[in-house]
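Here is the structure we will look at.
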Amino acid sequence: MKRDYKKICNMVLNWAKGAGVITVKYQRKLDSLKISHKKTLGVVSEADLASEEYLLKRIRKSFPLDLILAEESDYRGYGTKGADPKFYIESEWSWAVDPLDGTTNFVNGMDYYAIAISLMHFGSPVMGVVYRPSNGDCFYAYQGGGAYFANFKDGGRAVRLKPRRNSKKLRDTLLVTGFTTEKGQTLLSEFSYFKKLVQSARGVRRMGSAALDLCYVARGTFDGFWESGLAPWDVAAAGIICLEAGVKVADFKGKEFTPFQSSIIAARMPLFNSLLKFVKK
C-alpha cells in the first residue's frame, strides 16, 4: 500500500515540535531531573521517557498497525530475538524513534541534542525528521522529495539541501565522529581511526549526537562523519536526509546504507572515497 510521504512528513514535523516543547521544559529544571543508567548504553532521563511517550502515542493513533523501534522502549531487546533486524526488514511499515539523541549533552545543560523520527518501508527509511529544539534547527526529507533545512525560530522557511560535490582534500576538511566506552565494545579500532583522521584532517569534532552530526554533514557544516555501534533510531532519520541531500552513506565496508548496519560513514563524493580508505575493513 502506497503512502503520501510528504503528508506524513508534515505530520511528523508537528510531532517533533511537540516533543521539543517537552524536552526544553525538562532542560530548564535540570536540578530536579531524574536520571538513570542503561547497561552499556549510557544515561536516560525522564525527559527521554516523556518525549518518547508523547511520540509513540501519536504514531500508534495515526498508524496503529505499524511496528515501532524506539530507543527507550527497545534498547534492552535490540539485537535479541525480540528486536531482530530481520523482523523490521521483513515488515512493510515500521518507525525508528529516538526521543532525545544526545542525552549526556542534555543532562549537562548543553544544547546539542535532537529528536529523530523515521518511517521505514521494509526496513529502509523513506521519511525522516531531525529536530534540534534548543535553537530551532530542523532537517527533514522524504524519498524522492529531497532534503530540507528550516529554523522554526526564524519563521520556518525551508531551504532545500541540494546535491553537490565535495572535492576538498582531506587535510582541508572538518570531520565529526562519536564513540563511547559505554557501548560495551572494544575501542581500539575506533581510537585508531580517530588518531589517523585527526592527523590527516584540518579538524575532528565529537559533538555527542549522531543524528545531528549527520544532518550537519547534509547541510555542509561538517564534511564527513563516521561511527560504529549505533542503533537504527540513531541513524534512520538522518540517513535519508543525507541521501536525499546527495551525501554518500555506507558502512565501513562500503556497503549501501541501511539503519541496521554496525557502522556508518557519510560524506559527499569524491571526499567519501578518501574518508572510506581510513576505516574500510
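Read the figures in this text as sums done on the coordinates, not as results from a lab. Quantities reported herein were computed from a predicted structural model and do not represent experimental measurements. Using ideal geometry, Cβ is built from the backbone for each residue, glycine included, and neighbour counts are taken over all protein chains shown.
Structure notes:
- Val126 long-range amide H proximity, modeled H, under 5 Å: Leu119, Met120, His121
- The packing ranking of peptides 165-173, 110-118, highest mean first, is 110-118, 165-173, where packing means the average number of other beta carbon atoms within 10 angstrom of each residue.
- Applying Stokes-Einstein at 4 °C and 1.567 mPa s to the Kirkwood radius of the chain, computed over alpha-carbon pairs, gives a translational diffusion coefficient of 69 µm² s⁻¹.
- Estimated translational D of the range 170-279 in µm²/s (Stokes, Kirkwood radius over Cα pairs; 25 °C; 0.890 mPa s): 182
- Helical segments meeting 15 Å axial Cα length and Kyte-Doolittle 1.0 threshold in the chain (DSSP H): 232-244
- For the range 5-160, the Cα-based Rg and Dmax, in that order, read 15.4, 45 Å.
- Fraction of beta bridges assigned by DSSP in the range 170-279 that are antiparallel (%, nearest 5): 55
- Note that the range 89-225, at 37 °C in a medium of 0.692 mPa s, gets a Stokes-Einstein diffusion coefficient of 199 µm²/s from its Kirkwood radius over C-alpha pairs.
- The helix-based estimate of mean residue ellipticity at 222 nm for the chain, built from -39,500 (n - 2.57) per DSSP H run of four or more residues and divided by its residue count, is -10500 deg cm²/dmol to the nearest 500.
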